[in-house]
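Participant: Attaching a single structure in structure tokens format; questions to follow.
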Amino acid sequence: MEAKKAPAMVKKMFETGKITLVDPDTKYRYSLTAKCPDDGEYADVARFDKAGNTLSRVVFKCVQCEEEFEVRQDQMMVI
Ligand SMILES: [Zn+2]
């Protein structure tokens, strides 16, 4: 599965405080991901903070270089 820009899904994840979201049609579970600023590899979520029921901060960890990084919400993707 290719990562894709899906601003509405990312927004919904933030609003619901979850780092995954199930597509109601396909039942596929999407996860937040982002491209590593150093090498362009996709990264998994390392940890996240919540403010009430919403996500306030998501930290990614690159699978390639293992660096942790943060990106703006509009740079996040789903996979
Ligand atoms: Zn990296």
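Readers should treat all values here as calculations from the given coordinates under stated rules, not as data from a laboratory. The shown structure was predicted, so the numbers you read here are calculated from the model rather than taken from an experiment. Neighbour counts are summed over all protein chains in view; Cβ atoms, including those assigned to glycine, are modelled from backbone coordinates with ideal geometry.
Participant: Spelling out what I want: for every residue of region 43-50, take phi, set θ = phi - 60°, compute 6.51 cos²θ - 1.76 cosθ + 1.60 (Karplus), and round to whole Hz; glycine and proline get x.
Facilitator: 10, 8, 6, 8, 6, 8, 10, 10
Participant: If you rank VAL78, VAL63, VAL45 by fewest surrounding Cβ atoms within 10 Å, what's the result?
Facilitator: Values: VAL78 23, VAL63 13, VAL45 17.
Sorted ascending by nearby Cβ count, the order is VAL63, VAL45, VAL78.
Participant: Answer with one residue from ALA8, SER31, MET76: the one whose Cα lies farthest towards the positive end of the charge dipole of the chain, charges on Cβ with Lys, Arg +1 and Asp, Glu -1.
Facilitator: Most positive-ward Cα: ALA8.
Participant: Only residues of region 1-31 count here: report those whose backbone N is under 15 Å from the spot 7 Å along Cα→Cβ of ASP74, or say none.
Facilitator: 5-8, 10-11
Participant: Give the order of LYS35, LYS4, LYS27, LYS61 when sorted by the count of other beta carbons within 10 angstrom, beginning with the fewest. Before the final figure, lay out the partial values.
Facilitator: Values: LYS35 18, LYS4 11, LYS27 7, LYS61 15.
With the sparsest Cβ surroundings first, the list reads LYS27, LYS4, LYS61, LYS35.
Participant: Among the listed pairs LYS12/LYS61; LYS18/LYS50; LYS27/LYS61; LYS35/LYS61; LYS11/LYS50, which are separated by more than 19 Å between their Cα atoms?
Facilitator: Violating the 19 Å Cα-Cα cut-off are LYS12/LYS61; LYS27/LYS61.
Participant: Rounded to two decimals, what is Rg over Rh for region 7-78 when you use alpha-carbon atoms and the Kirkwood radius?
Facilitator: We get a ratio of 0.97 for region 7-78.
Participant: For the residues SER31, SER56, what sequence is obtained by ranking on other C-beta atoms within 10 Å, fewest first?
Facilitator: Values: SER31 16, SER56 11.
So the ranking, lowest neighbour count to highest, is SER56, SER31.
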